[in-house]
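Asker: This is the structure I have questions about; it appears just below.
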Amino acid sequence: MISQPLAIQDPLPSVADEVEFPPGDLWSDEPPLETDFHRDQIDLLIRLLKAWWQDQAEGYVSGNLTIYFSPSQRKSEDFRGPDFFVVRGASKQERRSWVVWQENGQYPHLIVEVLSEKTATIDRGFKKQIYQDTWRVPDYIFV
């Protein structure tokens, strides 16, 4: 007896078809840097790694840039982006912000926070929890 092939039915709609995502060209919403030291350290890290990776085809390096990780994220949430971050394997193109759902779900692989009296509690607490539990960042460094 020869069996008949199963009729292929339309696949279930994906979540992306049902969810209305905000635009991916969101502007960074970071506050001004606290001190010249903060700005200088972030700038130094960015310049050093970009120079080191100049011959690499991929690898995104930035700092003081908002990372949007949830399409439902509200501007009123008490969250700011990292001082410095690296995403391996990402294109080096200029960005206004890092929008996870526009970047194939990629999160940073390395985050560095420059601590100060004003930011240390949030950097070691609230931000660390997001980076560790939600983003699963492999390396998170305080300086």
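Asker: Here are Ile42, Ile2, Ile8, Ile46: which of them is at pLDDT 85 or above and either part of a loop (DSSP other than H, G, I, E, B) or touching a Phe, Trp or Tyr at 6+ places or on another chain (Cβ under 6 Å) (or both)?
Answerer: Numbers: Ile2 fails: at pLDDT 85 or above; Ile8 fails: at pLDDT 85 or above; Ile46 fails: either part of a loop (DSSP other than H, G, I, E, B) or touching a Phe, Trp or Tyr at 6+ places or on another chain (Cβ under 6 Å) (or both).
Ile42 is the lone residue from the list that is at pLDDT 85 or above and either part of a loop (DSSP other than H, G, I, E, B) or touching a Phe, Trp or Tyr at 6+ places or on another chain (Cβ under 6 Å) (or both).
Asker: Being of a type in the set (A, V, I, L, M, F, W, C) and not in a strand (DSSP E or B) is the filter here, so list the residues in segment 102-119 that pass it.
Answerer: Here is the first cut: in segment 102-119, the residues of a type in the set (A, V, I, L, M, F, W, C) are 110-112, 114-115.
Residues satisfying the conditions are Val114, Leu115.
Asker: Of all residues in segment 85-99, which are surrounded by 18 or more Cβ atoms within 10 Å (Cβ to Cβ) and not small (Gly, Ala, Ser)?
Answerer: Step one: of segment 85-99, the residues surrounded by 18 or more Cβ atoms within 10 Å (Cβ to Cβ) are 85-87, 90, 95, 97-99.
Hits for segment 85-99 are Phe85, Val86, Val87, Arg95, Trp98, Val99.
Asker: Which of the residues spanning segment 93-108 are out of contact with any Asp or Glu (no Cβ under 7 Å at 6 or more places or on another chain) and either without any contact (Cβ under 8 Å) to a residue 24 or more places away in the chain or of a type outside the set (A, V, I, L, M, F, W, C) (or both)?
Answerer: So in segment 93-108, the residues out of contact with any Asp or Glu (no Cβ under 7 Å at 6 or more places or on another chain) come out as 93-95, 97-108.
Scanning segment 93-108 gives Gln93, Glu94, Arg95, Ser97, Gln102, Glu103, Asn104, Gly105, Gln106, Tyr107, Pro108.
Asker: In segment 92-101, what residues are among the aliphatic types (A, V, I, L, M) and assigned to a helix (DSSP H, G or I)? So that I can check it myself, show each step before the final result.
Answerer: First, pick out the residues of segment 92-101 that are among the aliphatic types (A, V, I, L, M): 99-100.
Scanning segment 92-101 gives a single hit, Val100.
Asker: Then there is this: When residues of segment 115-126 are filtered for being over 13 Å from Gly81 (Cβ atoms) and aliphatic (A, V, I, L, M), how many remain?
Answerer: Count: 2.
Asker: Just give me the residues in segment 116-141 being in contact with a strand residue (DSSP E or B) (Cβ under 6 Å, 6 or more places away or on another chain) and exposed (fewer than 15 other Cβ atoms within 10 Å of the Cβ), in sequence order. I'd like the intermediate steps shown before the answer.
Answerer: Applying the first criterion (in contact with a strand residue (DSSP E or B) (Cβ under 6 Å, 6 or more places away or on another chain)) to segment 116-141 yields 123, 131, 137, 139-141.
Once the filter is applied, which keeps residues that are in contact with a strand residue (DSSP E or B) (Cβ under 6 Å, 6 or more places away or on another chain) and exposed (fewer than 15 other Cβ atoms within 10 Å of the Cβ), segment 116-141 yields Asp139, Ile141.
Asker: Please identify the pairs in which a residue from segment 37-65 that is on the phi > 0 side of the Ramachandran plot has its Cβ atom under 9 Å from the Cβ atom of a residue that is among the basic types (Lys, Arg) and not in a helix (DSSP H, G or I), counting only partners at least 6 apart or on another chain.
Answerer: From residues that are on the phi > 0 side of the Ramachandran plot, the pairs are Gly59/Arg88; Gly59/Lys92; Asn64/Arg80.
Asker: Tyr140 passes all but one of (1) among the aromatic types (Phe, Trp, Tyr); (2) in a helix (DSSP H, G or I); (3) touching a helix residue (DSSP H, G or I) at 6+ places or on another chain (Cβ under 6 Å); which number fails?
Answerer: Result: Tyr140 fails condition (2) only.
Asker: Of everything in segment 68-87 that's under 11 Å from the mean Cα position of the chain (by Cα) and modelled with pLDDT of 90 or more, which residue is farthest from Val112 (Cα to Cα)?
Answerer: Out of the qualifying residues, it is Val87.
Asker: While we're here: Could you please give the count of residues in segment 120-137 that are assigned to a helix (DSSP H, G or I) and more than 12 Å from the chain's Cα centre (by Cα)? Talk me through it step by step, then tell me what you get.
Answerer: Quick first cut of segment 120-137, residues assigned to a helix (DSSP H, G or I) only: 120-124, 126-134.
Remaining after also requiring more than 12 Å from the chain's Cα centre (by Cα): 120-124, 126-129, 132-133.
Total meeting the criteria: 11.
Asker: Spot the failing condition for Phe21; the list is (1) touching a Pro at 6+ places or on another chain (Cβ under 6 Å); (2) modelled with pLDDT under 75; (3) crowded, with 16+ Cβ neighbours inside 10 Å, and only one is missed.
Answerer: Of everything listed in (1) touching a Pro at 6+ places or on another chain (Cβ under 6 Å); (2) modelled with pLDDT under 75; (3) crowded, with 16+ Cβ neighbours inside 10 Å, Phe21 misses just condition (3).
The values are calculated or read from the model by the stated rules, or taken from the named source; none is laboratory data. Not measured: the values here are computed from a predicted model. So basically every Cβ, Gly included, is an ideal-geometry build from the backbone, and we count neighbours across all protein chains shown.
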